[in-house]
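S.K.: Take a look at this one; I'll ask things after.
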Amino acid sequence: MNFDRDYKMLIGGALVDTADALEVANPATGKPFATCPKAGGEHLDQAVAAAQAAFPAWKATPIDERRALLKQAGDLIMANADALASLFTREQGRPTELAKQEIFGAGFWFHSTAALDLPVDVTEDNDQRRVEVHHDPLGVVAGIVPWNFPVLLASWKIAPALLTGNTIVIKPSPFTPLCTLKIGELVADLFPKGVINIITGGDELGPMMTAHKGFAKVSFTGSTATGIKVMQSAAADLKRITLELGGNDAAIVMPDVNPDKVVPQLFTGAFSNSAQICVANKRLYVHDEIYDKVRDGLIELIETAALGDGSEQGTEFGPVQNKLQYDRVMALMADAKAEGLALHHGKDGPNEDGYFVPLTLVDNPPEDSRVVQEEAFGPILPMMRFSDLDEVIERANATEYGLAGAVWSADLEKAQEIAARMETGTVWINQNLQSTPFTPLAGHKKSGFGAENGIYGLREFTQPKSVFIPKSTDSVC
């Protein structure tokens, strides 16, 4: 297989091209380096029809056979990690070694999800009857994947959907479609035809999918604004939905921690993947007693971090993935400068054509500034002082988002008390960015609807069926 060209969609087990092409740019140069198919309505119809046709047999396939195929898919992904990681860096921008971690992570998610089980629940069992709750698949799932973690987040949708007996049509972001298409090529002969379909297109393809009557469910990861539109569209025919949306996640750092130990972890939690992570620390609240030490430590790391083309050795942070997001982050940066806020910048990128944003710390901006109130989704971190615990928890919760948060303290009991008061779906204590295939990720407030991962995520792809079974047939025999 050539990973440098010949990108085709997967529809009904066949590799499909289109007359129209979609250009894919390298964010380190800003220039297109490849093209892939640009699907229209007819291709979407074909993919949905193929998934519908495959559903009855796939639903009837014993779960152990479905498990085995998912594990084989994970093996194929990991066996091709080097080639996929190189391609990933060109389309997404992340340094290649970190890209490889995502490829292996996706393989791991296939393996781990395959090991999950959603057993029949027994709600009653007595002399008269037994009541069982079964978990039936929904049908055809639409999986819409973003550009920040294009391979891993695709696995979060594909693996649980297929394990629970659904078939799926995946749409990667138009900014990062290539690795997903090559994974489709890798598994084309593994799964029965139509069980997994991958189509690519522009921004118009997503709304076409959410409105399509052939889907029973939409699983979407992306912005809150788009998630609202997905929910509105899916409501027309009562599609099930899972939405993993934006966040403006707060980290609270208590005065009893060692700044020298905490600073590198805070840096990673805020700037990994050039801060293009839904659950990254996007607002940092640090107690007055250690504020200066933490700030100075972060500035030192920011100033020495290597920003550049992810394909070049020694690069630690790549560009922002696309021009739209680059412009948004730079607008926030310009607004902070216009407000006269204190900004500490890291190194500039290697060229003016790529979407490079220097790592930036904003020193104690006011709570109502845009850089605090808005999710940047880029490497600009506001860091604020606090002295009163109740007041800082109120500030941390004063947002429409509720995806994740973090607490840093040497007092684990106190940290758990703080975590209990944070209005988020996930709270990390003395750690960052942890996620497992066995633990749900669920947003509160406008950060999402439903859950991904673990048995909670499996349930999102099923509907309960209660079966009442009498212990005697006297009434009919």
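The values are calculated or read from the model by the stated rules, or taken from the named source; none is laboratory data. Bear in mind the structure is a predicted one, so any value in this text is a computation, not a measurement. Positions of Cβ are backbone-derived with ideal geometry, glycine not excepted, and every protein chain shown enters the neighbour counts. What goes into the accessible areas is simple: the full protein's heavy atoms, side chains included, and nothing from ligands, DNA or RNA. Shrake-Rupley method; radii C 1.70, N 1.55, O 1.52, S 1.80 Å.
S.K.: State the percentage of accessible surface on the chain attributable to carbon and sulfur atoms; use a 1.4 Å probe and exclude ligands, DNA and RNA. Let's see the in-between values first.
M.R.: Values: 10030 of 19410 Å².
Answer for the chain is 52 percent, counting heavy atoms of protein chains only.
S.K.: At a Förster distance of 30 Å, what's the computed FRET efficiency of residue 1 paired with residue 260, Cβ-Cβ distance as r, to 0.05? Write down the numbers at each step before the final one.
M.R.: Working: r = 47 Å, r/R0 = 1.58.
Calculated transfer efficiency: 0.05.
S.K.: Which ³J(HN,Hα) values in Hz, rounded to whole numbers, follow from the phi angles of segment 304-316 under the Karplus curve 6.51 cos²θ - 1.76 cosθ + 1.60, where θ = phi - 60° and Gly and Pro get x?
M.R.: Computed from phi, the couplings for segment 304-316 are 9, 5, 8, 9, x, 5, x, 7, 9, 4, x, 6, 9 Hz.
S.K.: Return the loop-located chymotrypsin sites (Phe, Trp or Tyr not before Pro) in segment 383-458 (DSSP other than H, G, I, E, B) with at most 16 other Cβ atoms within 10 Å of their own Cβ; answer none if there are none. Before the final figure, lay out each step's value.
M.R.: Working: sites: 386, 401, 408, 428, 438, 449, 456; in loops: 438.
Counting only loop positions with at most 16 other Cβ atoms within 10 Å, the chymotrypsin sites (Phe, Trp or Tyr not before Pro) in segment 383-458 are 438.
S.K.: Given the chain, what percent of its DSSP beta bridges are antiparallel, to the nearest 5?
M.R.: Taking every DSSP beta bridge with both residues in the chain, the antiparallel ones total about 45 percent.
S.K.: To the nearest µm²/s, what D does Stokes-Einstein give for segment 181-287 at 4 °C and 1.567 mPa s, using the Kirkwood radius over alpha carbon pairs as Rh? Working shown, then result.
M.R.: Values: Rh = 17.3 Å.
Diffusion coefficient, whole number: 75 µm²/s.
S.K.: What does the accessible area per residue of the chain come to in Å², with a 1.4 Å probe and no ligands, DNA or RNA counted?
M.R.: Numbers: 19410 Å² over 477 residues.
Solvent-accessible surface per residue comes out at 41 Å².
S.K.: Let me ask you something else. Work out which trypsin sites (Lys or Arg not before Pro) in the chain are exposed loop sites (DSSP not H, G, I, E or B, at most 14 other Cβ within 10 Å) and give the longest gap free of them. Don't jump to the answer; show the numbers that get you there.
M.R.: Working: sites that count: 5, 213, 471.
The answer is 214-470.
S.K.: Separate question: Please compute the net charge surrounding residue 111, taking Lys and Arg as +1 and Asp and Glu as -1 over other residues with Cβ under 9 Å from its Cβ.
M.R.: Summing Lys and Arg as +1 and Asp and Glu as -1 gives 0.
S.K.: With mean projected area of the Cα convex hull in nm² defined as stated, name the option among [x] 20.2; [y] 24.9; [z] 22.3 computed from the structure displayed.
M.R.: Checked against the structure: label [y].
S.K.: Let me ask something else. All other residues with a Cβ under 13 Å from the Cβ of residue 130 taken together, and with Lys, Arg as +1 and Asp, Glu as -1, what is their net charge?
M.R.: Details: positive: 129, 471; negative: 121, 124, 125, 127, 132.
Combined, the nearby Lys, Arg, Asp and Glu give -3.
S.K.: Ok, one more. Helix-only estimate, please: 222 nm mean residue ellipticity of the chain, summing -39500 (n - 2.57) across DSSP H runs of length 4 or more and dividing by its residues, to the nearest 500.
M.R.: On the way: 15 runs with 183 residues, N = 477.
Helix contribution divided over all residues of the chain: -12000 deg cm²/dmol.
S.K.: Report the net charge of residues surrounding residue 52, where surrounding means a beta-carbon distance below 14 angstrom and charges are Lys +1, Arg +1, Asp -1, Glu -1. Don't skip to the end; give the middle numbers.
M.R.: Details: positive: 59, 193, 213, 217; negative: 45.
Local charge sum for residue 52: +3.
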